[in-house]
1. Taking Leu144, is it crowded, with 24+ Cβ neighbours inside 10 Å and aliphatic (A, V, I, L, M)?
2. Kindly establish whether Phe426 is under 21 Å from the mean Cα position of the chain (by Cα), part of a strand (DSSP E or B), crowded, with 21+ Cβ neighbours inside 10 Å and of a type outside the set (Val, Ile, Thr).
3. Scan Ser160, Ser185, Ser103 and give me the residue that is among the hydroxyl-bearing types (Ser, Thr, Tyr), closer than 23 Å to Thr32 by Cβ, surrounded by 19 or more Cβ atoms within 10 Å (Cβ to Cβ) and in contact (Cβ under 8 Å) with a residue 60 or more places away in the chain.
4. Quick check on this structure: which one of Gly121, Gly137, Gly155 is touching a strand residue (DSSP E or B) at 6+ places or on another chain (Cβ under 8 Å) and either crowded, with 24+ Cβ neighbours inside 10 Å or more than 25 Å from Thr350 (Cβ to Cβ) (or both)?
5. If we keep just the residues of region 375-395 that are of a type outside the set (Ser, Thr, Tyr) and within 17 Å of Ala286 (Cα to Cα), which is surrounded by the fewest Cβ atoms within 10 Å (Cβ to Cβ)?
6. Taking region 331-348 on its own, how many of its residues are charged (D, E, K, R) and more than 13 Å from Cys316 (Cβ to Cβ)?
7. In the set Pro336, Pro346, which member is out of contact with any strand residue (DSSP E or B) (no Cβ under 7 Å at 6 or more places or on another chain) and modelled with pLDDT under 95?
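The values are calculated or read from the model by the stated rules, or taken from the named source; none is laboratory data. The structure displayed is predicted, hence computed values, not measured ones. Reconstructed Cβ throughout: ideal geometry from the backbone, glycine too, with neighbour counts over all protein chains shown.
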Amino acid sequence: MGREQSSAEAEVVALASELIRIDSTNTGDPATSAGERAAAEYVAGKLAEAGFATTFVESGGAGRSNVFARLAGSDPSRGALLVHGHLDVVPADAAEWSVHPLSGAVRDGYVWGRGAVDMKGMLAMMTAVARQFRREGVVPARDLVFAFLADEEAGGRFGSLWLVEHRPELFEEVTEAIGEVGGFSVTVGDNTRAYLVETAQKGLRWLTLRVRGTAGHGSMLHRDNAVTELAAAVSRLGRHRFPLVLTDPVREFLAGVSELTGTEFPEDDPEGAVGKLGALSRMIGATLRDTANPTMLSAGRKADVVPSAAEATVDCRVLPGREEAFERELDEILGPRVEREWISSPAVATTFDGALVDAMAEAIEHEDPGAKLLPYMLSGGTDAKAFQQLGIRTFGFAPLKLPAELDFTALFHGVDERVPVEALEFGTRVLDRFLRRA
């Protein structure tokens with residue numbers, strides 16, 4: 001006889017599919033974004049249905065909605081645990097997909113659609129477990145704060161950052177947090193699974209570069225063309241290779257893989273070492289150095305008019321402790337003519353130890369005997385950057401047991417984003433066990 005599913009396991013796939021069908025696309029522009037209200041109302045309704053009293057918050061803009069629910073634990077003297085996820089998703093072009101990105105289709109053993117991985121699958125697990133706990137009268141070891149948030153995909157200005165500044169009481173007594181991107185398995189060596197727990201993130205800097213020149217007719221000679229000057233500066237920055245830096249989280253990760261596989265990762269050749277990791281090398285390789293990738297260019301309104309100004313946007317990710325050195329290199333690369341403005345969030349880092357990490361390991365080991373947890377650094381950023389401002393210790397832990405052949409990291413913001421049904425069910429079991437004991 002097979003194992004009987006819990007109520008959370010039984011409904012998690014349907015919850016994920018229904019959430020994906022709700023359009024919460026975040027373009028980065030409030031005027032063209034769908035907003036999170038409909039998704040927030042859906043989650044709030046599901047939680048209220050199970051008996052939760054929810055807090056619904058509009059965070060700095062119409063339709064930028066967040067939902068909070070708190071479940072009391074057995075030991076009020078312990079700090080609360082924040083379990084957070086974001087309701088918004090990045091845009092998707094339906095013409096590029098095998099299924100419509102808002103279909104939430106369940107086929108071939110996967111749930112398909114924008115947000116399946118990032119991160120409506122985790123929202124479904126959170127909702128399913130919270131509903132089960134409330135209905136069954138489960139009392140966890142500590143207070144749990146479930147948070148469903150807006151605007152993560154555009155930096156959290158209408159979400160976590162706004163909430164931390166304007167509604168800090170929602171995070172009262174919270175000392176630790178879990179969210180994206182971590183807890184997923186990777187297969188190393190001879191079918192050995194390691195589950196990556198995010199303990200650090202690179203700092204974020206969305207940089208706007210601007211050059212001012214002399215406007216004039218396109219048919220004339222021009223020695224002060226803003227477009228030319230900016231293009232040269234952007235090219236220099238985009239081609240620049242920042243120095244290799246081996247941080248503690250990367251060292252710990254490579255040491256763990258070495259222990260599991262017997263593969264040597266010499267520190268005098270970190271790029272060569274990471275290159276041995278296959279598909280995973282793309283994600284880990286991005287944490288070996290700072291990056292600055294030009295993403296947008298803007299100048300001019302007419303073919304025969306040389307504009308007076310030109311702008312570019314560059315996505316910069318900076319390793320912990322590299323902020324001042326990064327600034328110096330920008331000065332050298334860009335030169336004095338290029339004006340700079342930016343939106344920034346700091347790097348995030350914590351240690352891979354303590355009772356919370358032990359509880360993660362125990363929950364994973366119970367569902368996947370022989371598996372091992374490894375810390376790693378995320379090259380991107382999450383809402384953890386905002387919560388760090390409140391002194392909250394943050395981890396990426398959204399558990400999923402994945403097929404060895406699935407290039408999971410390529411699905412983040414990718415075409416045909418999808419998550420295995422069995423992975424959602426596995427993650428729900430792990431999250432249930434972990435949250436009871438964390």
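1. yes
2. Taking the combined requirement at face value, the residue does not satisfy it.
3. Within the list Ser160, Ser185, Ser103, the selection yields Ser160.
4. Only one candidate passes the filter, namely Gly121.
5. Gly380
6. 4
7. Going through Pro336, Pro346 in turn, just one is out of contact with any strand residue (DSSP E or B) (no Cβ under 7 Å at 6 or more places or on another chain) and modelled with pLDDT under 95: Pro336.
Okay, residues lined up against (1) in the same structural domain as Asp143 (by TED's automatic domain parsing); (2) under 23 Å from Leu102 (Cβ atoms); (3) not in a loop (DSSP other than H, G, I, E, B):
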position: Glu365; (1), (2), (3): yes, no, yes
position: Met377; (1), (2), (3): yes, no, yes
position: Lys385; (1), (2), (3): yes, no, yes
position: Ala404; (1), (2), (3): yes, no, no
position: Thr409; (1), (2), (3): yes, yes, yes
position: Gly414; (1), (2), (3): yes, yes, no
